[in-house]
1. What ranking, highest mean first, results for peptides 77-83, 478-484 when packing means the other Cβ atoms within 10 Å averaged over each residue?
2. Would you please give the FRET efficiency between Glu184 and Ala369, computed as 1/(1 + (r/R0)^6) with r the Cβ-Cβ distance and R0 = 60 Å, to the nearest 0.05?
3. Assuming R0 = 25 Å, can you tell me the calculated FRET efficiency for the pair Thr404 and Thr321, based on Cβ-Cβ distance, to the nearest 0.05?
4. Tell me the angle of helix 304-314 to the major Cα principal axis of the chain, expressed in degrees between 0 and 90 and rounded to the nearest ten.
5. Out of residues 5 or more away from Gly357 or on other chains, whose amide H comes under 5 Å of its own, with H placed 1.01 Å from N in the peptide plane?
6. Provide, for the chain, the number of lysine pairs with alpha carbons under 19 Å apart, each pair being eight or more places apart or on different chains.
7. Can you list the residues of the range 54-75 with backbone N under 14 Å from a point 7 Å past the Cα of Arg33, pointing along Cα to Cβ?
8. Taking only the alpha carbons of the chain, what extent do you get along each of the three principal axes, in Å, biggest first?
Amino acid sequence: MSGALLVCGTHSDAGKSVVSAGLCRWLQRRGVRVAPFKAQNMSLNSVVTRGGAEIGRAQAVQAAAARVEPEAAMNPVLIKPSGERHSQVIVMGQPYADTDARSYQELKLGLRDVVGDALADLRARFDVVICEGAGSPAEINLRAGDITNMGLARTAGLPVLVVGDIDRGGVFASLLGTLALLDEPDQALVAGFVINKFRGDRSILAPGLIDLHARTGRPVLGVLPFVEDLWMDVEDSLALEAGVPEAPAVAGTLDVAVVRLRWMSNFTDLDALRAEPGVRVRFTRSAVDVERADLVVVPGTKATVADLQRLRDTGLDGALTRRAIAGGPILGICGGYQMLGERIDDEVESGAGAVDGLGLLPVRTTFAAQKLLRRRAGACDWLGGARTDSGYEIRHGRVTRGATAQPLLHGDDGEPDGCRSGWTLGTSWHGALEDDDLRRALLRSVATARGRTFVPGGEPFAELRERRLDALGDLVERHIDGDAVLRLLEAGAPADLPTLTAEVRPCCAS
């Protein structure tokens, strides 16, 4: 088998990542060597590959679904917002430029060849490439410079599936309208639809499926049922806005409060905590939550100085200080760790120069122009030598501990990381909590400090992720027309698909 297809959505968070990962796992189980691809991703959740490249976390998980090693070619362009109007652009895994929205539209014209070469490289080495779009293919204001939706499909000759989220309502209008807004050559590549998150009796949906097919000439190739808490490693905070399911607050539950930063990055670090039975994880901006929780996590951020100022503006700086004085457990990760220190010197990210930190850890941070991207492994002596082999660093900040400060982790490479002062902890390592040994040792210590009992779950986090990826593969196998997908991969979009017209009428017609 050979071929590729593009999975688009009617909007962000419609289910493109879920369907793409499900297709990767389904094809892999059929013996197909498959790779994921997303030409341009906008996300603050990223990972570092073994080759030292930074890519979107969703593509790394899709690579896991395909059971292949993630690499830079799977996400050649990654955009990381670092303020209201500015973003860092990562190209083939390395920092490329800092830009605003307008200048990026000019910049990305020069990235077409990078994207095309990356996709061609994957197609030469894999049987199938499952491409994921970004946002909506019907963003007509951006179509001229598009490199990730229909622009990619046209250039590479990809058949396109469009996913719509019925749980949000208006799915038929969204699917029909998306198609109708495309020009004729783009429409010719849209081969079918997938409806995501359907609840209830499918027979009730049947008339709409028939009507949509009649109006568009394209079938609905699958209706995926709503499954609670199916996906992890989300791309952005839209999933948090929708409401991440929380464990019920019952007696004995460890309450973890994650400070909800404006430019929060890699909040997927908390997925492993959420997976533990008896642990309740909440994202919050409440000072009361910060003071009362069993463990408070200050996560990573792409705008450290700006988010530090927000903590001060909202009074959360005082809540964290009172908590630290009282001996309440606090864990800062990457940017969150830097905020807990004494000072931040930043002429790179914010240009703010010297800024006072919260003063809760004896460390100082200086931002360097070169971004540090590497995988890390090591142990925590304070937690009885508990290990992590899943750490990675993504940072411009270089953190220096005071002469007498205690590191939190000792890397296998001999380089220590992080800092500990009583129960205020900091580390630059993302992903460390995914290792069962370190995570459970930390939670046991937190429970002891808070007078609670923590009984770790019996399932390793890596097995839980595998089980969820298998569940995505099962969804595709059971609810998407696999034969139709295979035909699209082999032959592309049918040649006789009709063209719809988006009819424009006067708004005040009499």
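What follows draws every value from the coordinates through simple rules; no lab data is involved. Everything quoted here is computed from the prediction, not taken from an experiment. Note that we place each Cβ from the backbone using ideal geometry, even for glycine, and neighbour counts take in every protein chain shown.
1. On the way: 77-83: 21.7, 478-484: 15.7.
Result, highest mean first: 77-83, 478-484.
2. Values: r = 47 Å, r/R0 = 0.78.
So the FRET efficiency works out to roughly 0.80.
3. Numbers: r = 21 Å, r/R0 = 0.85.
Plugging the Cβ-Cβ distance into 1/(1 + (r/R0)^6) gives 0.75.
4. In the chain, helix 304-314 runs at an angle near 70 degrees to the longest axis.
5. The list, which skips near neighbours in sequence, is Arg343, Ile344.
6. Working: Lys16/Lys38; Lys16/Lys197; Lys38/Lys80; Lys38/Lys108; Lys80/Lys108; Lys80/Lys302; Lys80/Lys371; Lys302/Lys371.
Here the count comes out as 8.
7. Of the residues in the range 54-75, 67-69 have backbone N under 14 Å from the label point off Arg33.
8. Taking the Cα atoms of the chain, the three principal extents are 73, 56, 48 Å.
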